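Here's the structure we're looking at; comments come further down.
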Amino acid sequence: MKIDLLPSANSRWNPDADGRFGEFGGQFVPETLMAAVLQLQDVYAKVRVDHAFWENLHARLVTYVGRPSPLYHAERLSERLGGAAIYLKREDLNHTGAHKINNTMGQVLLAKQMAKQRIIAETGAGQHGVATATAAACFGLECVVYMGAEDIRRQRLNVFRMELLGARVVSVDSGQKTLKDAINAAMRDWMGTSEHTHYVIGSVMGPHPYPQMVRDFQAIIGRETRAQILDATGKLPDRVVACVGGGSNAAGMFTGFLDDDEVTLIGVEAAGEDMKPNRHAATISAGAPGILHGMRTLVLQDEHGQTLPVHSVSAGLDYPGVGPEHAFWKQCGRVQYTAIDDQAALDAFTILCETEGIIPALESAHAVAEVLRIAPTMKKDQTIVLNLSGRGDKDVVEVGRLLGKSWQ
């Protein structure tokens with residue numbers, strides 16, 4: 001399957017000249033970082049219309065990453081639920097086991113073009129860290145990954161994978177010791193090293209041009225899916241579902257269907273233990289406009305504007321903000337957002353394992369749980385596409401602990 005990756009220059013969904021999606025987005029960074037951000041903005045503006053760059057990237061995604069990822073009809077799950085036909089976009093089958101490598105291959109290729117010899121990244125669940133380390137190894141660049149100490153505990157397998165790939169993993173012991181704190185540490189590094197370092201942000205967040213750039217690199221998901229579902233069923237899906245932390249897998253998937261008003265788009269956040277402050281990570285459901293990590297977006301914060309602690313069983317959804325384009329989609333009503341709690345995600349994790357023989361990432365399991373909820377309410381001639389953003393090998397030890405099962 002040949003997919004044209006060249007982003008649209010005239011889409012009504014692109015940010016304005018200041019990097020704003022409506023009131024969200026922009027560039028809110030210290031003066032010491034502004035030169036690096038403006039350099040990246042200038043370089044990416046040129047790359048965005050460079051056919052040769054996107055053809056080179058596509059060739060690498062095919063021969064190295066293994067694209068296109070399949071669109072799989074989950075017949076047994078569909079039959080079990082008794083409603084809509086369910087299709088899974090199998091991003092878990094990409095090299096490294098998740099959608100993250102679509103973005104890291106693009107950004108590291110861009111870093112090479114900027115003559116940057118050092119790559120840094122943040123990671124929560126570890127999948128972005130692994131994907132960044134993989135891309136850096138592929139292109140022969142130094143790589144440092146910042147990861148919260150609590151996430152290191154939950155994701156030991158991915159830490160070892162990063163180290164095997166030649167990356168140095170730096171444990172972050174401040175704050176909650178999770179994703180937000182890893183981002184803070186990576187940004188501090190970037191402030192002092194931007195002359196020779198490129199920061200590979202892993203989601204559709206941060207200062208412009210990152211939200212647009214990461215979405216463009218992930219748009220291959222939605223473009224492939226659109227062609228695949230039309231080939232499989234002869235029509236567009238009724239609903240498209242994806243989990244949302246920072247929001248890159250959902251942005252990549254939704255971009256393929258934004259202009260199809262008849263397709264309902266559903267983003268699924270982490271409701272954690274419950275929807276009380278400090279016990280969830282459902283930013284769109286419970287957040288308010290604020291500034292976080294270089295962008296204006298929705299943020300989980302207290303009455304004084306201080307960022308709140310968050311919780312999710314999934315390390316990859318454990319973030320108190322969200323990409324500014326998601327905040328805009330919520331505001332304009334194009335995307336519906338819901339939230340799934342820890343227990344429902346764990347239940348969905350085991351149901352997909354038992355029914356389809358597929359072990360999903362805990363992030364993806366939140367989207368699976370939403371499909372379990374809505375599919376029985378739909379007609380048999382309707383279809384749902386679920387973006388299975390990653391595989392769950394990284395999560396089985398933690399899931400075993402939470403389910404009271406141990407094999408050690």
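The values are calculated or read from the model by the stated rules, or taken from the named source; none is laboratory data. Note that the coordinates shown come from a computational prediction; the quantities given were computed from them, not determined experimentally. Heads up, the Cβs are rebuilt from the backbone with ideal geometry, glycines too, and the neighbour counts pull from every protein chain shown. For accessibility, only protein heavy atoms count, side chains too; no ligands or nucleic acids. Shrake-Rupley method; radii C 1.70, N 1.55, O 1.52, S 1.80 Å.
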Between residue 148 and residues 5 or more places away or on another chain, the pairs with built amide H atoms under 5 Å apart involve 123, 172, 182
Between residue 390 and residues 5 or more places away or on another chain, the pairs with built amide H atoms under 5 Å apart involve 92, 361, 364
Mean-position separation - Cα centroids, the stretch 189-218 and the stretch 28-98, in angstrom
15
Averaged per residue, the 1.4 Å probe accessible area of the stretch 12-139, protein heavy atoms only, in Å², is roughly 37
Given a 1.4 Å probe, how much area per residue of the stretch 156-204 is accessible, in Å²?
46
Send over a whole-number figure in Å² for the accessible area per residue of the stretch 289-332, probe 1.4 Å.
32
What relative contact order, as a whole-number percentage, does the stretch 58-102 give when Cα pairs under 8 Å and 6 or more residues apart are counted?
38
Full-extension gain between residue 142 and residue 397, please, as 0.36 nm times their residue separation minus the C-alpha to C-alpha distance.
88.8 nm
What's the magnitude of the charge dipole for the chain around its Cα centre, counting Lys and Arg as +1 and Asp and Glu as -1 at the beta-carbon? Answer in Debye, nearest 20.
620
Exceeding 27 Å between C-alpha atoms, which entries from my cross-link table qualify? They are 276/380; 180/330; 2/100; 89/177; 380/405; 100/380.
276/380; 89/177; 380/405; 100/380
In order over the stretch 255-272: 3J(HN,Hα) from phi, Karplus 6.51/-1.76/1.60, θ = phi - 60°, whole Hz, x for each Gly or Pro, gives 4, x, 10, 4, 8, 9, 4, 6, 9, 7, 9, 10, x, 10, 9, 9, 7, x
Simple label model, 7 Å out from Cα along Cβ direction - residue 164 to residue 343, nm:
3.7
Identify, among 243, 333, 87, the residue whose Cα sits farthest towards the positive end of the charge dipole of the chain, taking +1 on the Cβ of Lys and Arg and -1 on the Cβ of Asp and Glu, with the dipole about the Cα centre.
87
Whose amide H sits under 5 Å from the amide H of residue 382, counting only residues 5 or more places off or on another chain, with H placed in the peptide plane?
85
Based on the Cβ-Cβ distance of residue 113 and residue 79, what FRET efficiency does E = 1/(1 + (r/R0)^6) give at R0 = 45 Å, to the nearest 0.05?
0.40
Partner aspartates and glutamates whose C-alpha sits under 12 Å from that of residue 112, ignoring same-chain residues fewer than 8 away, are 142
Per its Cα gyration tensor (rounded if a/c is under 1.5, else prolate when a/b beats b/c, else oblate), the stretch 220-352 is best filed as oblate
Starting from the Cα-Cα distance between residue 156 and residue 11, subtract it from 0.36 nm times their residue separation and give me the gain in nm to one decimal.
48.1 nm
Cα-Cα pairs of the chain separated by more than 26 Å (percent)
48
Which residues does the label zone of residue 18 cover in the stretch 25-65, counting backbone N under 19 Å from a point 7 Å along Cα→Cβ?
25-31, 34-35, 37-39, 41-42
How large is the convex hull of the Cα atoms of the stretch 108-241 per residue, expressed in Å³ as a whole number?
139
Of the heavy-atom accessible surface of the chain (probe 1.4 angstrom), what whole percent is carbon and sulfur?
49
Distance between Cα centroids, the stretch 106-146 to the stretch 274-311: provide it in whole Å.
28
Each residue of the stretch 97-114 in order: what ³J(HN,Hα) in whole Hz does its phi give by Karplus 6.51 cos²θ - 1.76 cosθ + 1.60, θ = phi - 60°, with x for Gly and Pro?
x, 6, 6, 4, 5, 4, 6, 5, 5, x, 6, 5, 4, 5, 4, 4, 5, 8
